[in-house]
1. Cut-off is 10 Å between beta-carbons; in what order do 42, 82 appear when sorted fewest neighbours first?
2. Relative contact order for the chain: what is it in percent, counting Cα pairs under 8 Å that are at least 6 residues apart?
3. With only Lys, Arg, Asp and Glu charged, each at its Cβ (+1 for the first two, -1 for the last two), find how big the charge dipole of the chain is about the Cα centre; round to the nearest 20 debye.
4. What is the fewest-to-most order of 4, 60 by other Cβ atoms lying within 10 Å of their Cβ?
5. Using only the Cα atoms of the stretch 37-100, what are the Rg and Dmax in Å?
6. Give the whole-number value, in cubic angstrom per residue, of the convex hull volume spanned by the C-alpha atoms of the chain.
7. Which listed residue (21, 32, 90) has the Cα farthest towards the positive end of the charge dipole for the chain, taking +1 on Lys and Arg C-beta and -1 on Asp and Glu C-beta about the Cα centre?
8. In nanometres, what is the gap between the two model label sites at residue 56 and residue 38, each 7 Å from Cα along Cα-to-Cβ?
Amino acid sequence: MTESRQQTDFQKVLALVGPEVAAVLCEEFGGTHVYIPKKRTVTRRLREQGIYNDRKAGMSYRDIARKWDMTKGGAYKLCVRVEKQLAEEAAKKKGGEADGTGTRSRHP
């Protein structure tokens with residue numbers, strides 16, 4: 001990326017978030033490349049997290065389906081998928097495999 005392009009990109013960030021937040025971003029990520037997902041990806045993940053949070057708060061699949069305009073089966077499948085993803089992420093943080101054993105892989 002050319003220096004002028006970098007400057008233009010930074011000016012956009014500065015205009016969007018303001019100088020204080022831009023300074024924090026520079027402190028945290030300065031000199032690196034940061035991936036920013038598309039809006040639809042973030043919107044989908046936020047929706048999925050909202051559905052999962054509703055279930056964890058005790059809402060029935062039927063009520064979730066009504067609230068989020070989906071089927072009960074779809075709500076169930078989504079919650080199972082999110083639960084699995086969270087378990088895999090937790091296992092990675094612990095350094096174990098996502099197979100539920102909590103053991104490290106012996107393969108390089």
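1. Neighbour counts put them in this order, fewest first: 42, 82.
2. Once normalised by length, the contact order is 12 percent.
3. It works out to roughly 700 debye.
4. 4, 60
5. 13.2, 39
6. 191 Å³
7. Of the options given, the answer is 90.
8. Using points 7 Å along Cα→Cβ, the separation is 2.8 nm.
Quick note: the coordinates plus some simple rules give every number you see, no bench work behind them. These numbers come from a predicted model, not from an experiment. Methodologically, a virtual Cβ is constructed for each residue, glycine included, from the backbone with ideal geometry; neighbour enumeration extends over all protein chains shown.
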